[in-house]
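Here the structure is laid out as structure tokens; the discussion comes afterwards.
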Amino acid sequence: MSITSIFSIALGAILVENFVLVQFLGICPFLGVSKKQDTAIGMGLAVTFVMGIASLVCWLVNYYVLVPLNMEFMQTVAYILIIAALVQFIEMFLQKSMPGLYLALGIYLPLITTNCAVLGVVLLNTQKNYNLLESTVYGITGGLGFLLAIVLFASVRERLDASAEYPKAFDGFPVALVSAGLLSLAFMGFSGLKVW
Amino acid sequence: MDALLPIFLPVVVLGGLGTVFGAVLGVAAKKFAVDKDEREEQILGILPGANCGGCGFPGCSGFAAAVVSGEATTNGCAVGGSEVTALVAGIMGVEPEDAERHVAFVRCSGGARSNRKYDYVGLDDCFSALNAIGGGPLTCRFGCLGLGSCTRVCQFGALSLVNGVAKVNREKCVGCMQCVATCPKRLITKLPYSSETRVGCNSHARGAAVRKLCEAGCIGCGICVKNCPNDAIRVEDNLAIIDPAKCHNCGICVEKCPRHIIESVVSVRAEAKV
């Protein structure tokens, strides 16, 4: 477990295997909450937060409960359960002890419960046989990759709104999807990037 | 029995996980319960729910919390007006404070009547235009760029572009003042609803300069000052300013202004009827 491998995981999660633009996970909030940069940042931070904690907790449950009982085949179901409960718990905890953070993330937290990027990251952690530290790092940096993608996309959409020089038929979601595709193409440029 | 284990074990384990999580959440709900004042919920129910931020608090829930904690007065909600003020005061058990209704006003009537340095081709956004060469296409550095950044922030559809200049619909405007904060030229001000005669210019340039720059600019000639029967107008820094407290909306200045930039709601209405 060296710094290099941690850095390699981080780089992979943020750029090379960006959750939204390369693995196409979490597309729903990516398209839904990206009309303004402010909301995009809020959503991105909330996803980062939940992905990090979910990776940690799911690894613990997988390692100490599911694996000893030979129940790996129930991982998906168990993870969904964990994420849903975890998000609820975090929301309550934040509301009481960190009202500032709660206000900042408030609306976005419940939305994340059903975000497939969160489920995706914990399943990938298991698939790649990451240990506790690697899982958590992958979760947090995967969230940062989501944050990067959604903020970039929100700024693209803001500019599109300001200067609508595309055919009228493309107004709204079509042009958003086209620009999301172009952004995704740009991220293809990172494929093959590796750290030794 | 061994054959049934793979079926029962997951049920037990997942059921156990679910029970544990449920218990933890139940305890957490009690432990982390946030004491909320009942009145906060009630006030939130009355508020318009536009979350415009015109009160200076983050959304309607922020305002409700601020009223209960005493940080805000009951008349803080501009959107709800006197009705909401009365209801909120009722919940709080205090006398309602009177709130004079305020509306936004764009202090420029240039638009198509103002001169341009060049044709601006770029984003339909006042901030972008302001960053273009020479601070934007307008020759007058005070005037409305007419690209409608304010019309897009208005949640109530009260702002629109008329002849290349933003205009406020007084009836739709609720006084949340989002546009005031947005306009990069700080052209939009808050005026009492009762103030019906307004100077549609914000130029502090000298008269001779204004004549060259814009056909709809105040040259500070003072004709309105001389003709006002109520001493409500003064010229300050080459710009006529009407004091809403003294103005009786007689409309004499509207007729006398050689530049036709003082506008009256009354005259607009008369025109509309014709």
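Every number in this text was worked out from the coordinates using simple rules, so none of it is lab data. Fair warning: this is a prediction, and the values are worked out from it, not measured in the lab. Here Cβ is always computed from backbone atoms with ideal geometry, including for glycine, and neighbour counts include all displayed protein chains.
Distance between the C-alpha centers of the range A:144-196 and the range A:58-87? Whole Å please.
Computed from Cα coordinates, the inter-centre distance equals 34 Å.
Can you compute the modelled spin-label distance between A:Leu60 and B:Arg234, with each label point 7 Å from Cα toward Cβ, in nm?
6.9
Determine which lysines satisfy two conditions relative to B:Lys172: a Cα distance under 18 Å, and not lying fewer than 8 residues away in the same chain.
Leaving aside lysines fewer than 8 places away in the same chain, those within reach of B:Lys172 are B:Lys190.
Roughly what would the spin-label model give for A:Thr76 and B:Phe8, points 7 Å off Cα along C-beta, in nm?
2.7
Per-residue HN-Hα couplings for the range B:208-215, Karplus 6.51 cos²θ - 1.76 cosθ + 1.60 at θ = phi - 60°, whole Hz, x for Gly and Pro?
My calculation for the range B:208-215 gives 4, 5, 4, 4, 6, 7, 7, 7 Hz in order.
Measuring from a point 7 Å past the Cα of B:Ser69 along Cα-to-C-beta, which residues in the range A:74-106 have an amide N at less than 11 Å?
A:99-100
Using a Förster distance of 60 Å, how high is the FRET efficiency between B:Ser194 and A:Phe170, based on the Cβ-Cβ distance and rounded to 0.05?
FRET efficiency, B:Ser194 to A:Phe170: 0.80.
May I ask for the distance between the Cα centers of the range B:5-46 and the range B:91-142, given as a whole number of Å?
50
Report, in deg cm²/dmol and to the nearest 500, the calculated mean residue ellipticity at 222 nm for the protein assembly as shown, where each DSSP H run with n ≥ 4 adds -39500 (n - 2.57) and the sum is divided by the residue count.
Calculated at 222 nm, the ellipticity per residue is -15500 deg cm²/dmol.
So which trypsin sites (Lys or Arg not before Pro) in the range B:137-228 end up in coil per DSSP with only 15 or fewer other C-beta atoms within 10 Å?
Here the trypsin sites (Lys or Arg not before Pro) that fit, given the DSSP loop and packing criteria, are B:Arg141, B:Lys172, B:Arg186, B:Arg206.
Helices from chain A with mean Kyte-Doolittle at least -0.5 and a Cα length along the axis of 30 Å or more, per DSSP H: which?
The answer, listed by residue number, is A:37-61, A:75-97, A:132-162.
Helix B:81-92 against the longest principal axis of chain B: what's the angle in degrees, Cα atoms only, rounded to the nearest 10?
Around 40 degrees separate the two axes.
May I ask you to evaluate 6.51 cos²θ - 1.76 cosθ + 1.60, the Karplus curve with θ = phi - 60°, for each residue of the range B:27-42 and list the ³J(HN,Hα) values in order in whole Hz, giving x for glycine and proline?
With the stated coefficients, the range B:27-42 comes to 5, 4, 4, 6, 5, 9, 4, 9, 5, 10, 5, 4, 4, 4, 5, 4 Hz.
Would you mind computing, in nm to one decimal, how far apart the modelled labels at B:Asp35 and B:Glu255 are, each placed 7 Å from Cα along Cα→Cβ?
6.7
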